[in-house]
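Okay, structure first, notes after.
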Amino acid sequence: MTRKLVVIGNGMAGMRTVEELIRAAPERYDITVFGAEPHGNYNRIMLTPVLFGAKSIADIMIHDFDWYKQHQITLHCGPDKAVVDVDRVQRCVIAEDGTVAYYDKLLIATGSLPLMLDIPGREVEGVLGFRDIADVETMIAKAASKRHAVILGGGLLGLEAANGLLQRGMHVSVINRAGHLLNRQLDRKAAGFLERELAAKGIQFQLGTTIVRVNSEDQHISSVELSNGTVLAADLLIMSTGIKPNISLAERIGLACQHGIEVDECMRTSDPAIFSVGECVQHRGELFGLVAPVYEQAKVCAQQLSGQADSQFKTLSSATMLKVTGIDLFSVGDFEGNADSQVLQLIDHQMGIYKKIVIRGDCVVGVILYGDTSDNAWYLNLVKNKTSIGSIRDRLMFGPTALAHAA
Ligand SMILES: Cc1cc2nc3c(=O)[nH]c(=O)nc-3n(C[C@H](O)[C@H](O)[C@H](O)COP(=O)(O)OP(=O)(O)OC[C@H]3O[C@@H](n4cnc5c(N)ncnc54)[C@H](O)[C@@H]3O)c2cc1C
């Protein structure tokens, strides 16, 4: 008998799981998907090029509405189809508009939400996060008629938003509480290279400070006040200070949650009929904000649901890149090091190149590449595979090409 699978969340993790599942076991489930956004499943990562004008919304669709039809998947999508309750005894989910769907297995893939800091005055028009198509459409519309954008947060998303709005003709300022940009991905030296390059493009920076008040006129943001006393004109404020797992539904229905929905190695929650994947989960205390581990979770979950394999999820090092045209940057692992580490560095100010390799014992544990990231995959593998580097250490800094020449 065909079982029923219901998926809450029509995003990258949930739909990657469904895609893998129908490949492995096409006949096993009747699948129903609920999504709170009025779209098919799209590549959220590509919202950045949509913002700066290199791609359209149609370009970034992974699964359009026809795909669901072709695979006999029932899709309920739009704000009124957001799931508001799950009856774990009757095994059914209930959407905002009253739509009900019964399940044998339930997959929760509700992603995360932008962290909106509780700054006085922020509940006005023009203050938003950078998470979905609606946010990008609002930013593009504002950029067409307004002048001043302020980004709170100098992390990856904040800088991508800053660059996108700059490309759209806005005057952009980035405010970052930490003293240097991308402080979770870069050390001070690499961040200095990045700041100079972005400043040369026209982005202004206020580092080591934060926004203490949002001022408005007619319920629309007009300026922001910083803790260092500066006041900046603002028609748009993008809050990009982090994300938080979207677990309100899971908490309400009594699943074990801490910061995220707790899952085991099989992506199973505290209810054996309910699985969870994506940025909403917490696995062995760890939360997720990049697509590589989320897709790995999807693979494991699909195998579990298909009943064909017994694979388990393990967290591996994920690398980060910045999607700003003309800026090549790569970072993975423990790039700061500690008392037990040794650090190899190469700096070329003229060429704008910085390389840092952190070694502990006989392995590379962290890497930063700035200006030339052509060998990033090789370094990533060294870190991921904990490769012994004893025999190649003298050429490590120069990458795989140098090794091939020496061989
Ligand atoms: C602008 C941007 C750029 C990014 N760039 C990168 C990058 O370069 N590299 C990288 O690795 N990662 C990047 N990411 C992160 C990446 O997009 C996420 O890791 C990935 O989307 C997580 O997938 P998810 O399915 O967990 O969440 P999402 O893709 O957010 O999907 C969750 C979905 O669930 C829906 N939902 C929530 N609650 C309900 C409910 N109650 N009922 C129904 N539906 C619900 C949401 O509306 C959403 O559509 C970026 C993210 C953004 C926003």
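What follows draws every value from the coordinates through simple rules; no lab data is involved. Given the structure is predicted, the values throughout are model-derived calculations rather than measurements. Quick reminder, even Gly has a Cβ in these numbers, built from the backbone with ideal geometry, and neighbours come from all protein chains shown.
Taking the Cβ-Cβ separation of Arg23 and Asn43 as r and a Förster radius of 22 Å, what is the calculated FRET efficiency to the nearest 0.05? The pair Arg23/Asn43 has a calculated efficiency of 0.70. If only the Cβ of Lys and Arg carry +1 and only the Cβ of Asp and Glu carry -1, the dipole of the chain around its Cα centre is close to 720 debye. A P(r) calculated from all alpha carbon pairs of segment 328-406, with 10 Å bins opening at zero, reads 19, 57, 23, 1 percent. Cβ-Cβ distance of Arg252 and His71, R₀ of 41 Å, FRET efficiency by 1/(1 + (r/R0)^6): the value works out to about 0.85. In sequence order, segment 89-99 has phi-based couplings of 7, 6, 6, 9, 10, 10, 8, 3, 8, x, 4 Hz under the Karplus curve 6.51 cos²θ - 1.76 cosθ + 1.60, θ = phi - 60°, and Gly or Pro positions carry x. Kirkwood's formula applied to the C-alpha pairs of segment 223-369 gives a hydrodynamic radius of 18.9 angstrom. Give the shape of the chain as rounded, prolate or oblate, defined through the alpha-carbon gyration tensor: a ≥ b ≥ c are the square roots of its eigenvalues, a/c under 1.5 means rounded, and otherwise the shape is prolate if a/b is larger than b/c and oblate if not. Because a/c hits 1.5 or more and a/b fails to exceed b/c, the chain counts as oblate. Ordering Gln206, Ala13, Ala101 by the projection of their Cα atoms onto the charge dipole of the chain, which places +1 on the Cβ of Lys and Arg and -1 on the Cβ of Asp and Glu, puts Gln206 at the extreme positive end.
Fewest neighbouring Cβ atoms within 10 Å first, the residues Thr401, Thr110 line up as Thr401, Thr110. When segment 270-407 is described by a simple charge dipole with +1 on each Lys and Arg Cβ and -1 on each Asp and Glu Cβ, the residue from Val367, Gly399, Val300 located farthest towards its positive end is Gly399.
Dipole check for segment 328-406: with +1 at the C-beta of Lys and Arg, -1 at the C-beta of Asp and Glu, and the Cα centre as origin, the magnitude is about 200 Debye. Sorting Met12, Met1 by the number of Cβ atoms found within 10 Å of their own Cβ, with the fewest placed first, yields Met1, Met12. Length gained on full extension, Ala200 to His259: 17.3 nm, using 0.36 nm per residue less the C-alpha separation. Applying the criteria of a DSSP loop state and at most 15 other Cβ atoms within 10 Å to the trypsin sites (Lys or Arg not before Pro) of segment 337-392 yields Lys386. With both bridge residues required to lie in the chain, what share of the DSSP beta bridges run antiparallel, to the nearest 5%? If we restrict to bridges inside the chain, about 55 percent are antiparallel. Taking GluC sites (Glu not before Pro) across segment 1-57, the ones in a DSSP loop with at most 15 further Cβ atoms lying within 10 angstrom of their Cβ are Glu27. For the chain, the relative contact order comes to 14 percent (Cα pairs under 8 Å, sequence separation of at least 6). The share of alpha-carbon pairs in segment 125-275 lying farther apart than 24 Å comes to 43%. A Förster radius of 22 Å combined with the Cβ-Cβ distance from Thr138 to Ile57 puts the calculated FRET efficiency at roughly 0.95.
Each Lys and Arg adds +1 at its Cβ and each Asp and Glu adds -1 at its Cβ; summed about the Cα centre, segment 127-239 shows a dipole of about 320 debye.
With a simple spin-label model that places each label point 7 Å from the Cα along the Cα-to-Cβ direction, the separation between Ala233 and Val84 comes to 4.3 nm. Build a GNM of the chain with springs between Cα atoms under 10 Å apart, and of Glu123, Glu279, Glu37 the one that fluctuates most is Glu123.
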